[in-house]
Amino acid sequence: GRRAARRARAHNWRRSSGSRRATRDGEHSGPSLSAVWPLWLLALAGAQALRYWAIASLGDRWNTRVLVVAGDRALRRGPYRWIAHPNYVAVVIELACVPMIFDAWITAAVASVANLVVLLGVRIPCERDALAWAADARPDA
């Protein structure tokens, strides 16, 4: 009777929580694709192209750490001619596009804001200071 129906509803709720959605007939489906997912995927591919162009332009200077050589100046070739931080632009695009492929706009917004806080508050100022130091420093002779 009622007890069995209550257990069935609780079971269906537990199975449908998280990234899975319950359908009317009780079957479960995974995340659904956005109606415009090909556009988000195209933007993601563009971000990857920008990233690889930035890395190729840096050549052996590319690194995940902030490392500078005394006397070196900031690079002004490849995407660096127009964008100060093209790899970070690529990351911002990625963090927006991947969740939006699945219409996960809240995830896209939270991830993008968190990333911007780190980039604008920590990483970019650190790189700017390091590049200023390197430009003013005299290489050991």
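The values are calculated or read from the model by the stated rules, or taken from the named source; none is laboratory data. Being a predicted model, the structure only gives us computed values, none of them experimental. Because the Cβ atoms are built from the backbone with ideal geometry, glycine has one as well, and the counts that use them run over all protein chains shown. Note: accessible area is taken over every heavy atom of the protein model, side chains too, but ligands, DNA and RNA are not part of it. Shrake-Rupley method; radii C 1.70, N 1.55, O 1.52, S 1.80 Å.
Counting heavy atoms of the protein chains only and a 1.4 Å probe, report the per residue accessible area for the range 67-141 as a whole number of Å².
Working: 4940 Å² over 75 residues.
Averaged over the residues of the range 67-141, the accessible area is 66 Å².
By the scheme Lys and Arg +1, Asp and Glu -1, what is the net charge of all other residues having a beta-carbon under 12 Å from that of Arg65? Walk me through the intermediate numbers first.
Details: positive: Arg61, Arg123; negative: Glu127.
Summing Lys/Arg as +1 and Asp/Glu as -1 gives +1.
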Report summary line: Descending packing, highest mean Cβ count within 10 Å first, for 118-130, 41-53, 57-69 is 41-53, 118-130, 57-69
